[in-house]
Each structure stands twice: as structure tokens, then as C-alpha cells.
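Report on the structure given below.
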Amino acid sequence: MSKSTLVPARNAIHGTGRAKLVGFGTTASFAELSYTYPLKLLSPRQTTATNIERLAILYNLSYGGGLIGGDQLALTLELGSDVKLLFLTQGSTKIFPSRARPRLATGRAEVGDTRQRLSATIGSGACLVMLPDPVTPFSHSSYSQVQIFRLAAPTKDTAGGSIVLLDWFTSGRMSRGEEWQFDRYRSANEIWIGNERVASDVLLLEQPPSSSSVDETAKKINRLRDSLAPYACYATLLLFGPATHALSKEFAQRYDGLSQMQRKVPEDLIWSYSPLEYKTSINNGKRNSGQKETGVGAIVRVAAKDTESVRQWLRESLRAGLEAQIGRNAYSKAFV
Amino acid sequence: MDNDSYLLLLLSDGNLPTGSFVSSSGLESYFKHGFPAIERISLSDPSASQAPASIVGFIRDSLAAYARLALPFASDAHNTMENAVEKGKDATIAGLQALDRHYEAMSLNHITRRASKAQGVALLTLFSKGFSRPTWLDAFNPSQMDAIGSRRKEEAKQRLSETVVDAYKLMIRKGEAPGHLPICWGVLSAALSLSTGRSKQLFLFLYARSLLSAAIRLNAIGPYAAQQLLLHVIRQMVDEEASNCSHLTSLPSEGPPFEEDWSRLESSSTPATTWPLGEILAARHDLQHSRIFNS
């Protein structure tokens, strides 16, 4: 049953990257764009004429060969006011197992973990659209990702920052029959508006602790699959800020039109939408006004039996809302 | 009878008006979407029929998820309330409010939020109406003068708890705090001087039992079979989750929350969501064409 996994023959590396996007006139340009191996950031020049102002596209190409245990990547994104950034990857992020297997029982982040950190600040009126490919954690891999987004709070005169955040993963290399065989997958997304934490989405999937007896292994692996079957790909979409309101509304209308009858077996694809109310302090120039304003963000979750169905569902569901934000040309580069 | 044992009897009463009887925590939706048809290999037992395996499977995943996300908040709230005498009323309330809002930011599902808030407020009401010390009691029962010193201390603590609960209820009504179940549970259990350990076990036990009650109301299992599960299957689950999750806390170790504190979010002792499928099913509750529960 055990299949050997070819792990890239290199040592674990720590890479960092920084991108700062600022608006000038009708264009947006990178005031700073730097990275160290294995991180690689690339911003293609937009060839087709576009009527979308102050938009840039940034590819994160670091994952081409996949990440191995011990790799640590840290990326900082800074969006000035009134710019838009579409953040993409090329191909799914493969997570290889660490050659020195982390200990399972402790459950702590071990040296052998693959770690990614992203810190993003989003200025007033700016919008970050993150539509990466899914993460594919291979058998016995251990992955931890933390992404923190700080959105400018709206004021009397300026709009707040916005975020469209897609975070998704698959059960593993399904083509090799490798499903839910990773040791640990952890993804934390935190969204702040001003000094208010409006969403803290921490997903943790790990093989249950307990006895390390070999006989138990098969059973333990089954347990993770059992609780997530029949689906093999899960996606979470978080929407906050004024640029996402039309998109949220579209999801809400579609969702409210659904009516669930008794089913004999689960559907091949299932999704949910939840409006997320939050309170933020209004910064109206006076200090300590203590006033709170209610805002609404949203979370959409999708699960399906295969990755392609989720990709297709996302592509169609986000099309109208996002083409209005970043234009048809830029949007066509996502979900390819 | 010691305090803990007596309180366990009191709090495990299925007739307590806590509002849990209108909540199935996603179980109704799980059935409606056809999930009992999914085989659970890790639970397969040729002698068992499909229904108990799917119910046991749901309870195991749902309880594990609740323990991982809500239990740390319940125990943090319990500890916050236990320190009320030293920290004072205002600091205690501010601490509870921060926990409450943090929990709100972590429970990203409108149906679960709605049910949790309804049950949270019900618990606080239960405390002020059902567990507060009647004022006439002091005049009525002045005989136990021997233990007057410790009794005064107890009474002062009780009064402080009542003040905190009343003030917190007011904040919830004004929309300044969400009033989620785990936070209110911690407040209640600490106000009654239940020990932290017992508070956590009871919190999980009551959750698991309410899932079984929902299963009975949904006609998925009979009342005898439910008792059987409660004694022979759920017990290990509750113990296991209570011990797996006992080290978790929602509170950062230290330092201002504003610095990009990676360790805070990378720490394995933070609360987490562990069952994304459960989230989807719970959030789809209101889509059911016909339904008997509120969540």
C-alpha cells in the first residue's frame, strides 16, 4: 500500500518577498517588488487595453516544484489607497512530506512543517483579490499557513479596504489514490478592519492523536476521510469591504432561492453562504467617539468530489461580481 | 454532598430552560442532505445498523469540532469569571466581552451564531432568575452564625457574580456583546463555583446529549438506544475530547495584538475549526424545505 514519494532533493529554505503597490493617475505600479529564493513574484504587463484603472496582477511562482518540510515562506503585500491587485499562482501548491518525519503525537508545529506566512495591508478604497490554486498536501506532509489581512476602516470621507480571499485545498494526489493521507493541514486567515478583528478562520485537519500502533494507522486515516466524505476538495471564500458588496448580494440571492428536499445520497457539490455581521468603530475625526457601525461581510464554502468541479463552480459564481471589479481580461487569468 | 456533585445534578437536568431543545446543531441538515448513506469505515461494525453508525459518526465529528473551537472559550470565560473578585467588575466584563467577540469572529456561520446567541442569553437568564440567591433568604435563615466569616465571603462573591451577569446581559441587549453560549456557560459555571474541570466535562456532555435528544426527535434513534450510546459510547468521546482540548486557550500568551504575532496564529493551542463539512451542513439549515429545529 505504501507508495514512495519523490521529494525534491534540496534542503529546506526560508524565502521572503515584498510587494508594494501604489496608484498614480490611472495606473498602479509596484513601488517595491522584491523576493528571495524560492519565492518568486512576477507581474505581467497588461497587453490588452483595459478600462479598469489602477489594477495590477501578481503571480506567486514559488511553488512550481512544490514545498518541502521545513520550507518557510513569508510574504508581505502592501496596497496603497484606491488600487486593485489580483493575486494568483500557477498550478496547485504541492506540499511534500518532510524527509525527517515530524512527530505526530505532539501536534505542535515542528521544524519539519512547511510554513507560509502572508501579511497584507489594504489601503482605503483598495481591493485585494486572492484567487490562488488549491493546496495539495501529499501523504505524510505537514503544512501550516497563516494569512493576516489588515483593511483600512471606512471614514467619513474615504471608503474602507476590501478583500476577496479564496483559500482551498484538496485531499491529496487523488490520481494516485492518495486521499486524506497528510499528517496535518492548517490554514489560518485573519481579517481586521481598522482595529476590529472581523474574521478569524482557523482550519485544522490532522490525523487524530492517540496510539501510534501500526494496526491503528489505517483506521486513523479512514477517520479523516470518513468525516469529510464524499468530498475531496474544500474551498472557503471570504468577502469583506465595499468592493465585495455586490458579489455578496449575488450569492445571497442565489442562496435564498435554494430549497432542500430530503435526499437519499449527498449531492456531488455542496455550498453554503453566510452573511457575517461585524461592528467597527467609526473614525469621524473626533477621538474616542465610541461610535460603532455595523457592517456585513460574507463567507462562502464549497465542497465537491473533485477539484475541477469546485474550480468551475467558483469561476462561474465569481465571474459577474469580479469582472465588474477587475475586468474580463484579468479575470480570465484566474481559475485556468 | 460536595458542591460539584450537587451542581452536576442540577445542571444536567434535561428540563433546564436553556433553549437547547430547538437546536440540532446541524444534525437535521445532515440527515436531510442524505449523509447517513455515506459509509463510515472507521466506525463500521457489521452488527450495527446504519442509523447508529451515522449518528455516532456525526456526534464524534461535531463534538470534536465543538471541543476544538468552543471549549477553549468556555474555559477562558470560566477563568475570567473566577478571577472577578481580584480583578473587579469592569475588568471582568471587558475580558468577557473580548472573548465573546473573538468567538464571534471565529464562528463563521450565521446559523450557528444565531443558535449560540439564543442559548447564551438563556443561560444568563437562567442564572439570574433560577440560580441567584433570593434576598429573603438572609432574613429567613440567620441561624448559621458559626460560619459567618466564610459565609459573608461567599455571599460577597455571589453578589459580585450577580452584578456581573446583570451588567453583561444589559451589554448583550444593547448589542455591545454577542452573548455566545460558550462564554455564557463559563460565566454561569464559575458563578456557581463549579470547578473548571467539571465545567468543561459538563459543557461537552450537554452538547453531546443535546445531539442525541435531537436525533430522538428526528426519529432517527429510539430513547433506549440513545441512553445506551450515552453510557457506552459518548462517555469515552467526552473524556477523550475533554483531555485532547484541555490545553487550548483563545488568549494570546502576551504582547499587544497589533504586532504581527505569528506565533499567536501558528500556535497549536489556539481554537480551530476542524469539520468544514459540518460547517456547510449547519449553514444550510434554513434551506430545508421543511424543518423542526432552529439550527
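The values are calculated or read from the model by the stated rules, or taken from the named source; none is laboratory data. Because the structure is predicted, anything quoted here is derived from the model rather than measured. No Cβ is skipped: glycine too gets one built from the backbone with ideal geometry, and neighbour counts run over all protein chains shown. Note: areas computed on protein heavy atoms with side chains; ligands, DNA, RNA excluded. Shrake-Rupley method; radii C 1.70, N 1.55, O 1.52, S 1.80 Å.
Here is a yes/no grid of residues against (1) more than 30 Å from A:ILE193 (Cα to Cα); (2) in contact with a Gly (Cβ under 9 Å, 6 or more places away or on another chain); (3) surrounded by fewer than 20 Cβ atoms within 10 Å (Cβ to Cβ):
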site: B:ASN219; (1), (2), (3): yes, no, yes
site: B:LEU231; (1), (2), (3): yes, no, yes
site: B:ILE234; (1), (2), (3): yes, no, no
site: B:LEU248; (1), (2), (3): no, no, no
site: B:ASP261; (1), (2), (3): no, yes, yes
site: B:SER267; (1), (2), (3): no, no, yes
site: B:THR270; (1), (2), (3): no, no, no
site: B:LEU281; (1), (2), (3): no, yes, no
site: B:ILE292; (1), (2), (3): yes, no, yes
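Taking the stretch A:30-57 as the search range and keeping residues that are farther than 10 Å from A:ARG18 by Cβ and of a type in the set (D, E, K, R), which one is modelled with the lowest pLDDT?
Of everything passing the filter in the stretch A:30-57, A:ARG45 is modelled with the lowest pLDDT.
Looking at (1) under 30 Å from B:ALA225 (Cβ atoms); (2) within 14 Å of another protein chain (Cβ to nearest Cβ); (3) surrounded by 24 or more Cβ atoms within 10 Å (Cβ to Cβ), which one does B:ASP100 not meet, given that it meets all the others?
The failed condition is (1).
Give me the pairs, please: first residue somewhere in the stretch B:167-184 and at pLDDT 95 or above, second residue anywhere and not in a helix (DSSP H, G or I), beta-carbon distance under 6 Å, and either six or more positions apart or on two chains.
As it stands, the answer is B:MET171/B:ALA177; B:ILE172/B:GLY179; B:PRO182/B:ALA70, since those pairs meet every condition given.
When you look at B:SER210, is it under 24 Å from the mean Cα position of the chain (by Cα), more than 23 Å from A:LEU203 (Cα to Cα), open to solvent by 10 Å² or more (accessible area, probe 1.4 Å) and of a type in the set (Gly, Ala, Ser), yes or no? Give the steps one after another, and end with the answer.
Values: under 24 Å from the mean Cα position of the chain (by Cα): yes; more than 23 Å from A:LEU203 (Cα to Cα): yes; open to solvent by 10 Å² or more (accessible area, probe 1.4 Å): yes; of a type in the set (Gly, Ala, Ser): yes.
Considered against the rule, which asks whether it is under 24 Å from the mean Cα position of the chain (by Cα), more than 23 Å from A:LEU203 (Cα to Cα), open to solvent by 10 Å² or more (accessible area, probe 1.4 Å) and of a type in the set (Gly, Ala, Ser), B:SER210 comes out as yes.
For the stretch A:36-46, does any single residue satisfy the condition of being over 30 Å from A:VAL7 (Cα atoms) and assigned to a strand (DSSP E or B)? Reasoning before the result, please.
We begin by selecting, within the stretch A:36-46, every residue over 30 Å from A:VAL7 (Cα atoms); these are A:44-46.
With the extra rule that they be assigned to a strand (DSSP E or B), the set shrinks to none.
So far as the stretch A:36-46 goes, no, none of its residues is over 30 Å from A:VAL7 (Cα atoms) and assigned to a strand (DSSP E or B).
Looking at A:GLY161, A:GLY112, A:GLY177, A:GLY107 in this structure, which one is modelled with pLDDT under 95 and under 25 Å from B:HIS102 (Cβ atoms)?
From the options A:GLY161, A:GLY112, A:GLY177, A:GLY107, the qualifying one is A:GLY107.
Pull out all pairs, ordered by first then second residue, where Cβ-Cβ is under 8 Å, the residues are six or more apart or on different chains, the first lies in the stretch B:53-72 and is within 10 Å of chain A (Cβ to nearest Cβ) and closer than 25 Å to B:GLY120 by Cβ, and the second is of a type in the set (Phe, Trp, Tyr) and open to solvent by less than 10 Å² (accessible area, probe 1.4 Å).
Partner pairs satisfying both residue conditions: B:PHE58/B:TYR30; B:PHE58/B:PHE35.
Taking A:GLY161 as the residue in question, decide whether it is open to solvent by less than 10 Å² (accessible area, probe 1.4 Å) and more than 14 Å from chain B (Cβ to nearest Cβ). First the steps, then the outcome.
Numbers: open to solvent by less than 10 Å² (accessible area, probe 1.4 Å): yes; more than 14 Å from chain B (Cβ to nearest Cβ): yes.
Yes: the conditions hold for A:GLY161.
Could you pull out the residue among B:LEU160, B:LEU204 that is at pLDDT below 95 and not small (Gly, Ala, Ser)? Give the steps one after another, and end with the answer.
On the way: B:LEU204 fails: at pLDDT below 95.
When all the criteria are applied, what remains is B:LEU160.
What is the one condition in (1) closer than 30 Å to A:LEU204 by Cα; (2) away from chain A (no Cβ under 14 Å) that B:GLY130 does not satisfy?
For B:GLY130, the failing item is (1).
Each row is one residue, and each column tells you yes or no for (1) hydrophobic (A, V, I, L, M, F, W, C); (2) modelled with pLDDT of 90 or more; (3) touching a Gly at 6+ places or on another chain (Cβ under 9 Å).
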position: A:ALA188; (1), (2), (3): yes, yes, no
position: A:VAL198; (1), (2), (3): yes, yes, yes
position: A:VAL202; (1), (2), (3): yes, yes, no
position: A:LEU205; (1), (2), (3): yes, yes, no
position: A:SER211; (1), (2), (3): no, no, no
position: A:GLU216; (1), (2), (3): no, no, no
position: A:ARG223; (1), (2), (3): no, no, no
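Going through the stretch A:126-149 one residue at a time, which ones are free of Cβ contacts under 8 Å to residues at least 60 places away in the same chain, closer than 24 Å to A:PHE251 by Cβ and not hydrophobic (A, V, I, L, M, F, W, C)?
Correct list: A:ASP133, A:GLN147.
Just to confirm my filter: which helices (runs of 4 or more DSSP H) fall fully inside the stretch B:50-93 and include at least 3 residues that are in contact with a helix residue (DSSP H, G or I) (Cβ under 8 Å, 6 or more places away or on another chain), farther than 20 Å from B:TRP275 by Cβ and open to solvent by 20 Å² or more (accessible area, probe 1.4 Å)? Break it down stepwise before answering.
Values: elements: B:50-69, B:71-82, B:84-87.
Where helices (runs of 4 or more DSSP H) fall fully within the stretch B:50-93 and carry at least 3 residues being in contact with a helix residue (DSSP H, G or I) (Cβ under 8 Å, 6 or more places away or on another chain), farther than 20 Å from B:TRP275 by Cβ and open to solvent by 20 Å² or more (accessible area, probe 1.4 Å), they are B:71-82.
Which one is farthest from the chain's Cα centre (by Cα), of the residues in the stretch A:53-72 that are closer than 9 Å to A:LYS84 by Cα and assigned to a loop (DSSP other than H, G, I, E, B)?
Narrowing the stretch A:53-72 to residues closer than 9 Å to A:LYS84 by Cα: A:53-57.
Subset that is assigned to a loop (DSSP other than H, G, I, E, B): A:53-54.
Values: A:GLU53: 25, A:ARG54: 23 Å.
Among those residues, the one meeting the criterion is A:GLU53.
Determine whether the stretch A:72-88 contains at least one residue that is under 21 Å from A:LEU166 (Cβ atoms), among the β-branched types (Val, Ile, Thr), modelled with pLDDT of 95 or more and surrounded by fewer than 18 Cβ atoms within 10 Å (Cβ to Cβ).
First pass over the stretch A:72-88, keeping only residues under 21 Å from A:LEU166 (Cβ atoms): A:73-79, A:83-88.
Adding the requirement that they be among the β-branched types (Val, Ile, Thr) leaves A:76, A:83.
Narrowing further to those that are modelled with pLDDT of 95 or more: A:76, A:83.
The next check asks that each one be surrounded by fewer than 18 Cβ atoms within 10 Å (Cβ to Cβ); those that pass are A:76.
Yes, the stretch A:72-88 contains a residue that is under 21 Å from A:LEU166 (Cβ atoms), among the β-branched types (Val, Ile, Thr), modelled with pLDDT of 95 or more and surrounded by fewer than 18 Cβ atoms within 10 Å (Cβ to Cβ).
With respect to A:PRO154, is the statement that it is open to solvent by 20 Å² or more (accessible area, probe 1.4 Å) and within 15 Å of the chain's Cα centre (by Cα) true?
Values: open to solvent by 20 Å² or more (accessible area, probe 1.4 Å): yes; within 15 Å of the chain's Cα centre (by Cα): no.
Judged against the criteria, A:PRO154 is not a match.
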